[in-house]
Amino acid sequence: MKIKKAVIPVGGFGTRFLPATKAQPKEMLVLVDKPVIQFLVEEVVASGIQEIIFVTGRGKRAIEDHFDYSAELEHFLNMRGKHDLAKKIHEISSLARFTYVRQGEPKGPGHALLQISHLIGHDEPIAVLYGDDIIDARVPCLKQLMNIFEKYEKPVIALQKVAKKDISRYGVVAGKKVANKTYLIRELIEKPTPDRAPSDLAIIGKYIYTPELFQLLPQMKPGPGGELFPTDIFDLYIKNGGEMYGYEYDGVRYDCGDKLGFLEATVQIGLKHPEVGKGFRSYLKNLKL
Ligand code: G1P
């Protein structure tokens, strides 16, 4: 069972970043000089996957344009002798094979996945990545999950320990540790109150779905905010005897769906940036805070 396709739902409104996201997709918000969504695409490609399906919606056309060729722009840059930049721009469009499916209404990530079932083979495992979570890691986070999948051939989700006060923002799991950083999941609850959370292990938006799990999605019921979240389906799959693993990935996560997380990502990526990193570091050092 080889994973050949990654699905990235990008249909959400991005209300947490209004007014910035009134006329532009939140996935196109920029970390120094690269939109958030490009970091995710690069993670997928670095994990060895070449086919990416975006589930988009109204107002998300900038994402398609970003991963398309821009002949005029490349010509313009080449005419001005900026060949390196032209090449860099060109490379974005050949990162992967992109497919776009429209969601119609932004009714949550589970609803997004229901829109692409005709593109997924009956015996095909897939990767699913949510647009907000960027993980800075030596081995791409998705690749780490794929390694666990290779071992067990069962669904895998990314996990991270989070503070109790933040737990209600996440899907939370209970599980039995079966290997280093690896858990056999026993239960999952979407956005529990702190007293109902079964542990401090939160689901981070990166998943490997097997066909058995994917086929259960039509049974989803509306969750918080009336949206469809697949977490209850994971729980149903387990209660029906299915095996699912969670992996506490190596790496540092930036939650780019949150203002503070986004600022932290900007600082960290800015500090590592080959062009401005040095100057930015000395600027930060001189701040009188
Ligand atoms: C989604 C998932 C949730 C997960 C979170 C991680 O929620 O439903 O289980 O913990 O992503 O980022 P959302 O952030 O879309 O509300």
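The values are calculated or read from the model by the stated rules, or taken from the named source; none is laboratory data. Quick caveat, the model's predicted, so the values are computed rather than measured. Positions of Cβ are generated from backbone atoms using ideal geometry, with glycine treated the same way; all protein chains shown enter the neighbour counts. Note: accessible area is taken over every heavy atom of the protein model, side chains too, but ligands, DNA and RNA are not part of it. Shrake-Rupley method; radii C 1.70, N 1.55, O 1.52, S 1.80 Å.
Scan 57, 11, 48 and give me the residue that is on the phi > 0 side of the Ramachandran plot and not β-branched (Val, Ile, Thr).
48
At least 1 residues that are within 15 Å of the ligand (Cβ to nearest atom) and within 22 Å of residue 240 (Cα to Cα) in each: list the strands (runs of 3 or more DSSP E) lying fully within the stretch 133-209 that qualify.
Output list reads 156-161, 171-179, 182-190, 201-209.
Those residues that are farther than 20 Å from residue 125 by Cβ and within 17 Å of the chain's Cα centre (by Cα), I need them from the stretch 139-170; list them, please.
Answer for the stretch 139-170, where residues must be farther than 20 Å from residue 125 by Cβ and within 17 Å of the chain's Cα centre (by Cα): 160, 169, 170.
Suppose we filter 250, 232 for residues that are assigned to a helix (DSSP H, G or I) and acidic (Asp, Glu); which single one remains?
Just one listed residue meets the conditions, 232.
Search the stretch 55-66 for residues being in contact with a Gly (Cβ under 9 Å, 6 or more places away or on another chain) and modelled with pLDDT of 95 or more, and hand back the single one that is nearest to residue 13 (Cα to Cα).
Looking at the filtered set, the residue picked out is 56.
What are the pairs, 6+ residues apart or on separate chains, where a residue within the stretch 199-214 that is among the acidic types (Asp, Glu) has its Cβ under 6 Å from a residue that is open to solvent by less than 10 Å² (accessible area, probe 1.4 Å) and within 9 Å of the ligand (Cβ to nearest atom)?
Sorted first by the residue in the stretch 199-214, then by its partner, the list stays empty.
Give the stretch 231-260 a look and list any residue that's within 21 Å of residue 200 (Cα to Cα), touching a residue at least 60 places away in the same chain (Cβ under 8 Å) and touching an Asp or Glu at 6+ places or on another chain (Cβ under 7 Å), or say none.
231, 251, 252, 253, 254, 255, 256, 257
Tell me which of these residue 146 doesn't satisfy, since it passes every other one: (1) open to solvent by less than 50 Å² (accessible area, probe 1.4 Å); (2) closer than 20 Å to residue 215 by Cβ.
For residue 146, the failing item is (2).
Name, by its number, the condition in (1) outside any helix (DSSP H, G or I); (2) touching a residue at least 40 places away in the same chain (Cβ under 8 Å) that does not hold for residue 289.
(2)
Do we find that residue 91 is assigned to a helix (DSSP H, G or I) and of a type in the set (Asp, Glu) in this structure?
Spelling it out, residue 91 is indeed assigned to a helix (DSSP H, G or I) and of a type in the set (Asp, Glu).
Please work out if residue 18 is open to solvent by 60 Å² or more (accessible area, probe 1.4 Å), at negative phi and free of Cβ contacts under 8 Å to residues at least 24 places away in the same chain.
So residue 18 passes the test.
Taking the stretch 205-260 as the search range and keeping residues that are among the polar types (S, T, N, Q) and open to solvent by 20 Å² or more (accessible area, probe 1.4 Å), which one is nearest to residue 177 (Cα to Cα)?
My answer is 240.
Kindly list, by first and then second residue, each pair from a residue in the stretch 267-284 that is open to solvent by 50 Å² or more (accessible area, probe 1.4 Å) to a residue that is in a helix (DSSP H, G or I), limited to pairs with Cβ atoms under 7 Å and residues at least 6 apart or on different chains.
Once the first residue is open to solvent by 50 Å² or more (accessible area, probe 1.4 Å) and sits in the stretch 267-284, its partners that are in a helix (DSSP H, G or I) give 276/270; 280/270; 280/271; 281/271.
Here is a list of conditions, (1) in contact (Cβ under 8 Å) with a residue 40 or more places away in the chain; (2) open to solvent by 20 Å² or more (accessible area, probe 1.4 Å), and residue 66 meets all of them except one; can you say which number that is?
Only one criterion in (1) in contact (Cβ under 8 Å) with a residue 40 or more places away in the chain; (2) open to solvent by 20 Å² or more (accessible area, probe 1.4 Å) is unmet by residue 66, namely (1).
If I go through the stretch 181-203 residue by residue, how many of them are within 13 Å of residue 229 (Cα to Cα) and either open to solvent by 10 Å² or more (accessible area, probe 1.4 Å) or modelled with pLDDT of 95 or more (or both)?
Of the residues in the stretch 181-203, 4 are within 13 Å of residue 229 (Cα to Cα) and either open to solvent by 10 Å² or more (accessible area, probe 1.4 Å) or modelled with pLDDT of 95 or more (or both).
Is at least one residue of the stretch 89-100 more than 21 Å from residue 30 (Cα to Cα) and under 17 Å from the mean Cα position of the chain (by Cα)?
Checked against the condition, which is being more than 21 Å from residue 30 (Cα to Cα) and under 17 Å from the mean Cα position of the chain (by Cα), the stretch 89-100 yields at least one hit.
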